Amino acid sequence: MKIGILSRGPKLYSTQRLVEAAKLRGHEVEIVDPTRCYMNITSHRPRVHYKDKVLDYFDAVIPRIGASITFYGTAVVRQFEMSGVFSVNESVAISRSRDKLRSVQLMAKKGIGLPVTGFAHTTRMTEDLIELVGGAPCVIKMLQGTQGKGVVLAENKKAAESVIELLRGLDAYFLVQEFIKEAGGSDIRCFVVGDKVMASMKRQGPEGEFRSNLHRGGSATQAKITPEERATAVRAAKAMGLNIAGVDLLRSNHGPLVMEVNSSPGLEGIEKSTGKDIASAVIEFIEKSVAAKKTNRTKGQG
């Protein structure tokens, strides 16, 4: 099988591990920078060009699309899909998960546990918005932002009002969320492959930091999760339409709450903290999916 990894970071741990796992299982692998792709959009023969060649030989692609290039990256993934190439995460699912507002609305519709979340357009409703999520302290999140960037913990009502006024002045959209104090600055990252949680780790923020992201100095240890947490993680990934996802859960007094669903979860933290070979699990999932796709195509021709 020929697999393309859509990544701008060929030397990143996650990219290297996926290359290594694919080669060990006998596949040909090529790393492709999605921003250097260009497309021929035609109804009868859609193609993706890269440098001086046409990428018409992949059986599957693994999108590792950074948040800053979501629009163009998902366009490239969509072009591969139009050509009949299997994408481990579909373009529409990636776009869905990157939209913080849309993702929480979709999960709420499915009855998945979430921190109480508020969204408004006018500053005249600021006081009501803060009260809606249980008052201060509360978390204010910009709709664009990853790895904990654009997220503020407003310790009191005055601070919350000031942050909201500032963001409104910048014409920035944001969410206001309930602060889960009992989580203690930690969360649980569940790595979902297909319909299973393959591994889970507890991420703990440094002293005085409510964000647990490893990029912000957090630490990771293997976590044992409950059946309810396992089911919640899988349901959240399914709600986004993702086959591969990093689902971040908060442990609250009223059960697991989904904080975020990541469509390009990193492998380094989860593999090193759990000792599990997640990269091989991803490649195995692709193998089964491509084989099933070919079988269905053959049946359709019969």
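Any read-out appearing in this document is the output of simple, stated calculations on the displayed coordinates, not a laboratory observation. Keep in mind that what you see is a predicted model, and the values were worked out from it rather than measured. In this analysis, Cβ positions are derived from the backbone assuming ideal geometry, glycine residues included, and neighbour counts consider all displayed protein chains.
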Using a basic spin-label model with each label point 7 Å from the Cα along Cα→Cβ, how many nm lie between Lys224 and Tyr38?
5.7 nm
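What FRET efficiency comes out for Ile69 versus Glu284 if R0 is 22 angstrom and r is the Cβ-Cβ distance? Round to the nearest 0.05.
Using R0 = 22 Å, I get an efficiency of 0.20.
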Taking 0.36 nm per residue of separation and subtracting the Cα-Cα distance, what length does fully extending Arg25 through Leu170 add?
47.2 nm
Note the angle between two axes, namely the Cα long axis of helix 70-82 and the longest principal axis of the Cα atoms of the chain, as a number of degrees from 0 to 90, rounded to the nearest 10.
30 degrees
Would you mind getting me the FRET efficiency between Lys158 and Phe119? Use the beta-carbon distance for r and R0 = 30 Å, nearest 0.05.
0.90
At Asp52 and Tyr13, where each label point lies 7 Å from the Cα along Cα→Cβ, what is the point-to-point distance in nanometres?
3.7 nm
Computed from these coordinates, which is semi-axes √(5λ) of the Cα gyration tensor in Å: [x] 45, 26, 13; [y] 36, 22, 17; [z] 46, 21, 16?
[y]
Give the distance, in whole Å, between the Cα centre of segment 240-267 and the Cα centre of segment 59-78.
20 Å
Highest GNM mean-square fluctuation among Asp171, Asp52, Asp195, for the chain with Cα springs under 10 Å, belongs to Asp52
Ranked Leu166, Leu55, criterion: other C-beta atoms within 10 Å, fewest first:
Leu166, Leu55
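Counting other C-beta atoms within 10 Å, which of Ser97, Ser103 has the fewest, and how do the rest follow?
Working: Ser97 26, Ser103 20.
Ranked by crowding around the Cβ, least crowded first: Ser103, Ser97.
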Value at 222 nm in deg cm²/dmol, rounded to 500, when DSSP H runs of n ≥ 4 in the chain each add -39,500 (n - 2.57):
-11000 deg cm²/dmol
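Kindly put Arg189, Arg36, Arg251 in sequence by how many other C-beta atoms sit within 10 Å of each C-beta, fewest to most. Each step should come with its number before you reach the end.
On the way: Arg189 27, Arg36 11, Arg251 19.
Arranged by neighbour count, lowest to highest, Arg189, Arg36, Arg251 become Arg36, Arg251, Arg189.
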Computed over the chain: longest principal axis from alpha-carbon atoms vs helix 278-301 long axis, angle to nearest 10 degrees, is 60 degrees
Modelling each spin label as a point 7 Å along the Cα-to-Cβ direction, I'd like the Lys294/Lys181 distance in nm, to one decimal.
5.8 nm
